[in-house]
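Working notes for the structure below.
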Amino acid sequence: MKMKNFLFLLGFVLCSITATAQVQFDAKVSKKRLGINERLRIDFEMNQDGDNFRPPNFEGFRVVGGPNQSISNSWINGKRSFSKTYSYFLSPQTRGKVTIAQATIEIEGETYKTLPVEIEVTAAVDVPKDGNNADYVASENVHLVAEISNANPYLNEALTVTYKLYVSHDVSITSQWREIDTPKYADFWSQNIDNQNNFKVYEGKYNGEDYRYVVLRTTVLYPQKTGELEIEPLTLDIPIDVQGNRRDIFGRRVMERVNKTISAGNRTVNVKPLPLEGKPDGFNGAVGDFAFDVNTNKTKLNANESLQLDLKVSGKGNLKLFTLPSVKLPNTLEVYEPEHSESVNTTVGGMSGSITDSYTVVPQFKGTYPVNPITFSFFDPKTEKYKTITSKEFTIEVENGPISSATTSNNSNDAKKQVVLSKDNFKYIKLDPNLQPIAQESFFKSPLFWSLLGGPFLLIPLFILAGKKRKARLNDVEGNKLRRANKLAKKYLSEAKRNISNPVAFYEALERALHNYLKAKLNIETSEMEKGLISKMLLERKVEAPIVENFINLLKSCEYARYASSSTTSVQQDYNKAAEVISNIDKQIQ
C-alpha cells in the first residue's frame, strides 16, 4: 500500500513538473548593427521539439547560408536538457533599419512565434568583422579599390576617383555584378565616366601579388566646400566562382558560386581654401588654366542694325561652375540678355572646352562708341597664383542714323564751329496757306436734321424685335447648350490645325474637339463617352456604319498618340479625316 502511494506521488510530481515547463522559441542574432558588406547570423532556438517550422521571408536580406539544423539533447544530474536550432547566414541588401519578421513553429498542437528583430545596416566598413563568413576564399581573392588622384586639392579643383576591381588568378567572375550602394558625393560636383560596356582586363599588383583588374568607373569630382570631406564607398554584389571541395570523375575540383558584397571603403580628402593674397576684385570662382577672348562680328554699322559681341573662355577647369564677366556699354547702345552656350567635355582629367556669352547689341544713334577692356580672373592651381586676362579696347562706328542729344550737347561746347542751316530745316512749315472760306448752311430742316429726329422712332421696333429674339434664345436652355458645344468643338478643331507640327498637342486638341462635337450632337456628357455607346447612338440617329467606324478610329488614334509618336503625314491625314467625318455626320444625323 505504501509502495502504491509512493508511486502515485512520484507520478504526480513528474506531471506537475512537465505541466509547469514553459516552451521557449526565440530568435537570436550575432549582431544588431553591421555594415552592408558584413554577414549576419540568426538562430531560431527552441527548448522542445516541434514541427512545421516556417522562417520569415528575410526582406532586405539575401540568404547566403542555411538553413542549418542542430539538436542538443543531454542529461545533467538527472535533468533532461533539449535544444533545437535553425541557423541562417544573411547578407544585407540595403542601408537603414531593417526588421526581420516572426518565425513560427508547432509544438504539441500549439503554434509559437518569435519576436521581430530590428537590425541597423550602416555603410560599408573598411574591414568586415564577421567570424561566421562562409565565403572566406572569395573575400580574400576579390578586392574593390578606390584610387584618388589628388587627396589635397584646392576648392573647385578637379580630382578623380577611379574604382578598380582586383581579382586573383585563383577565382573567376563569369556573371555580371550589381551595385547595391552608390556614393552620393554630397559636397562635390560630380560626373561619372562609366566603362559598363567596354571593360578591359589589365595585369597588376595588389599587396605585392599578381592580380587581374578592371576599371569599373571613373568619377570626376569638384569639391564645393573646404576642409575634410568624406567620399562614400561604392558597394557591389559580385557572384564569384571559387574552387570547392568536391571533385568530378576526373579528379578536378568543381567550381562553386559565391555571392560576395564588396566595398571600396571610405576615402577622405582635405580641400584647401583659395588663398586671399593676390585675389582680384573681379574673381568669380574660376579655377584652372584658361584663355579669354572678346570678339565682335563687325565694328561698323548703321543705327538699328545689330552686331554680335562674344565673350569666350576656353581651357581646362571648372567651366560649368562660374559665370563670365558682364559687359558694360554706353546707354545709347541697346544690349540684350546674353545667350549662353557651352562646349564642354568631361574626361578623366576634368572639364575642358569652352563657354560663351553672346550679346546682341543694337545702336540707336549715330556716333563712335568705345568698348572698354573687359577683365577675366582665375586661379591656377599648378602655379598657385591668380591670373588676370584683359581684352583689347575697340570702338563701334555707327555711320548713319539720328544724332542723340548727348552728341548734340557735346558739339555745342565747340564755340568756334560755325552752324550751317540746311534749306530743308523748315520744309514742313507752309508759308502760303491759300485759305478758303467755308460755306455756311442752315442745319434746321436739313436732311441731317430730319434723320436725327426721326431715326430713334424707326429703331424702337427693331430693338423690341431683337429683344424678343434674345429672350427666346436665352430661354432655350438645350439650344444654348448645343450652340456652346458646337462653338467649342470648332475652337478645338482650329486649335488642332494650328498644332499640326506638334503631334502631342494636335491629338490632345483633336480629342477635345471630337468630345465637344458629341456633346453638341448627341447631348451626352464626357463621363458617358464610351465607344460602344457612341457607336450605338450614332447608328440610332441614322448615321451610316462606315462613317461611325471612322469616327471611332479617330478617337482611337487620339488615344494611341499618348503612347507612340506620330509623323506629320499621319497627323495631316487625321485632321482631314476629322473634318470629313464631322461634315458627313452633320449631313446624315437626324
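The values are calculated or read from the model by the stated rules, or taken from the named source; none is laboratory data. Here the structure is a predicted model, which is why all the values come from computation and not from measurement. Note: ideal-geometry Cβ built from the backbone for every residue, glycine included; neighbour counts use all protein chains shown.
If we scan the range 347-362, do we find a residue that is farther than 19 Å from residue 191 by Cβ, of a type in the set (S, T, N, Q) and touching a Gly at 6+ places or on another chain (Cβ under 7 Å)?
No, the range 347-362 contains no residue that is farther than 19 Å from residue 191 by Cβ, of a type in the set (S, T, N, Q) and touching a Gly at 6+ places or on another chain (Cβ under 7 Å).
Which condition breaks for residue 332 when tested against (1) of a type outside the set (Lys, Arg); (2) surrounded by 17 or more Cβ atoms within 10 Å (Cβ to Cβ); (3) modelled with pLDDT of 90 or more; (4) in contact with a Pro (Cβ under 9 Å, 6 or more places away or on another chain)?
Of everything listed in (1) of a type outside the set (Lys, Arg); (2) surrounded by 17 or more Cβ atoms within 10 Å (Cβ to Cβ); (3) modelled with pLDDT of 90 or more; (4) in contact with a Pro (Cβ under 9 Å, 6 or more places away or on another chain), residue 332 misses just condition (3).
Please count how many residues of the range 498-536 are surrounded by 15 or more Cβ atoms within 10 Å (Cβ to Cβ), at pLDDT 80 or above and among the charged types (D, E, K, R).
Selection size over the range 498-536: 3.
Can you tell me which of 78, 66 is modelled with pLDDT under 90 and under 18 Å from residue 30 (Cα atoms)?
One residue alone meets the criteria, 66.
Taking residue 353, is it surrounded by 15 or more Cβ atoms within 10 Å (Cβ to Cβ) and either free of Cβ contacts under 8 Å to residues at least 40 places away in the same chain or β-branched (Val, Ile, Thr) (or both)?
Here the answer is yes, as residue 353 does meet what is asked.
Could you go through the range 360-373 and let me know if any residue there is outside any strand (DSSP E or B), β-branched (Val, Ile, Thr) and assigned by TED's automatic domain parsing to the domain that holds residue 297.
No, the conditions are met nowhere in the range 360-373.
Results for (1) more than 30 Å from residue 217 (Cβ to Cβ); (2) modelled with pLDDT of 90 or more; (3) surrounded by fewer than 16 Cβ atoms within 10 Å (Cβ to Cβ); (4) not polar (S, T, N, Q), shown as yes or no for each residue.
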position	(1), (2), (3), (4)
308	yes, yes, yes, no
313	no, yes, no, yes
318	no, yes, no, no
323	yes, yes, yes, no
342	no, yes, yes, yes
357	yes, yes, no, yes
361	yes, yes, no, yes
372	yes, no, yes, no
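Taking the range 556-586, which residues are among the charged types (D, E, K, R) and modelled with pLDDT of 80 or more?
Within the range 556-586, 556, 574, 577, 580 meet the criteria.
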